[in-house]
1. Criterion first (touching a residue at least 12 places away in the same chain (Cβ under 8 Å) and within 21 Å of Ala45 (Cα to Cα)) does Arg150 satisfy it?
2. Can you name the number of the only condition in (1) surrounded by fewer than 11 Cβ atoms within 10 Å (Cβ to Cβ); (2) more than 22 Å from Arg125 (Cα to Cα); (3) at pLDDT 65 or above that Glu29 fails?
3. Identify all residues within segment 106-126 that are in contact with a strand residue (DSSP E or B) (Cβ under 9 Å, 6 or more places away or on another chain), within 16 Å of Ile171 (Cβ to Cβ) and not aromatic (Phe, Trp, Tyr); write none if there are none.
4. Pull up segment 157-168, narrow it to residues that are surrounded by fewer than 20 Cβ atoms within 10 Å (Cβ to Cβ) and without any contact (Cβ under 8 Å) to a residue 60 or more places away in the chain, then point me to the one that is nearest to Gly131 (Cα to Cα).
5. Would you check if there is a residue in segment 115-131 being without any contact (Cβ under 8 Å) to a residue 40 or more places away in the chain and over 30 Å from Ser43 (Cα atoms)?
6. Under the condition of being in a loop (DSSP other than H, G, I, E, B) and hydrophobic (A, V, I, L, M, F, W, C), which residue from segment 157-179 is modelled with the lowest pLDDT?
Amino acid sequence: MCPAPPEDDVQAFRAAMGDVSRRVPSQRESARPRPPPPEPRHSAADEAEVLHELLSGPDPDSFETGETLSYRAPGVQESVLRHLRRGGYRLEAELDLHGLNRDRAREQVAQFLTRCRDLDRRCVRIIHGKGKGSPNSGPVLKRQLDGWLRKVRDVHAFCSARPHDGGSGAIYVLLRRAG
């Protein structure tokens, strides 16, 4: 515990402070404008990198080419994929890739996924076709799409569509919430 200051120091201090009064804060100081919200620069850079990787991906011939497609990202429950397969989510957007070559289709998919993320679209359909126009090579865009979508961080799951939505010529894609 500190000893009390001598009485003459206290009187000297009060004498020196005699004309000083408390200052009331002005209203102008308390109404400062708020700084703008932070921009997620790293998140935007991550998304740009994903799109770049999407456009320069691995050889899709290394992926499975069965009749139906199915994928769920790590950490996504099997029940979510089951619900998607059954058409349990409302379709909010659609992209048709008929007639496009690989490069143009890749570009369209990247742009479509970016728009869907920006508009917070959760469940979308991408029509890739059944490959009947590709002699002897089968559904080229289907294999490509399987590879591209597996690399996109925003994709929770995808699967082949139900017959009335395009069957094995289209897929449902479940995207994560915009954040």
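1. Numbers: touching a residue at least 12 places away in the same chain (Cβ under 8 Å): yes; within 21 Å of Ala45 (Cα to Cα): yes.
Answer is yes for this residue.
2. Of (1) surrounded by fewer than 11 Cβ atoms within 10 Å (Cβ to Cβ); (2) more than 22 Å from Arg125 (Cα to Cα); (3) at pLDDT 65 or above, only one is false for Glu29: (3).
3. Gln108, Val109, Leu113, Cys116, Arg121, Arg122, Cys123, Val124, Arg125, Ile126, listed by residue number.
4. Gly167
5. Yes: one or more hits.
6. Keep residues of segment 157-179 that are in a loop (DSSP other than H, G, I, E, B), which gives 161-162, 166, 176-179.
Filter once more, so that each one left must be hydrophobic (A, V, I, L, M, F, W, C): 161, 178.
Working: Ala161: 93, Ala178: 74.
So, considering only residues that are in a loop (DSSP other than H, G, I, E, B) and hydrophobic (A, V, I, L, M, F, W, C), the one modelled with the lowest pLDDT is Ala178.
The values are calculated or read from the model by the stated rules, or taken from the named source; none is laboratory data. Note that the structure is predicted; figures quoted are calculated from it, not measured. Here the Cβ is made from the backbone with ideal geometry for all residues, glycine too, and neighbour counts use every protein chain on show.
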